[in-house]
Amino acid sequence: MYRFVMVDDHYRTHWRFRDFFIERTDFVMEKACYSVYEFLVYIKDLEIAKKPLPDLLVIDINMPGADGASLAHYMKIFYPNIKILILTVHDTEENLFNATLCLAEGFIMKPFFEDLIIDAFQRIMNGEEFYLDPRTSLPYPTIIEDSLAYREVKIRNVNPYNYTELERKYLIFHVMGLTVPRMAYLLDITEDEVRNLHELMVKKTGIQNVPKIKEDSNLRYFSIKHNLARMADYRAFLAS
């Protein structure tokens, strides 16, 4: 039996998944999270209680606030054994690119049918990748191959500045837009220590010479550009 958790801000999606798996014994929906922060707290609670982590994570890539691409990137760095299936309602090349580049095992566009979801789950847990277009049941176009090749280059340099685990987590949480109290809880440090960490990363990334009003946005831009907060750099890919 495999256990999965959903991170999606639409309650109807959670209901549909519950209906899909309510009578199945091979997959069990363990938790429905409506935000990235709620999920991160849940994972922390499991670790504190020394309970097993889920086998599969289903993420909506487009959510208000913290997005699914950054969460997938975070999970693949710090919890690489958890499989990831990306959901999206927007069938765009950028969403597809983000899904492949953040190392997700699958990508499905909403709306979807029960058979497709179950097929995706089974294939992913069997070690396959699932990137089928639900409208044609065929693999997505060549952007998959192109983005995978681009991804391989980026993976080799995923932490080019040798930041510590704490520093890397902070940069990802910063890009997610988490508040200082929420970051303090997740990182097990005080709020003052979070603020000090921010100042440290401003200096380490070399953006301290920009006007203060632009500091936060520049730190986010730096983190994304250098694959520190998510692996996706769609514009750079198009220019390559």
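Rule-based calculations on the coordinates, nothing more; no lab input. Computed from a predicted structure; not experimentally measured. Glycine gets a Cβ as well: all are built from the backbone with ideal geometry, and neighbour counts include every protein chain shown.
Things worth noting here:
- Scanning the range 62-71 for residues that are closer than 20 Å to Gln122 by Cβ and of a type outside the set (Val, Ile, Thr) turns up nothing.
- Cβ-Cβ contacts under 7 Å between residues 6 or more apart (or on different chains), taken from a first residue in the range 50-65 that is under 18 Å from Lys31 (Cα atoms) to a second residue that is acidic (Asp, Glu), are listed as Pro54/Glu30; Asp60/Asp8; Asp60/Asp9; Ile61/Asp67; Met63/Asp9.
- Applying the condition of being part of a loop (DSSP other than H, G, I, E, B) and among the acidic types (Asp, Glu) to the range 26-71 and asking which residue is nearest to the chain's Cα centre (by Cα) yields Asp67.
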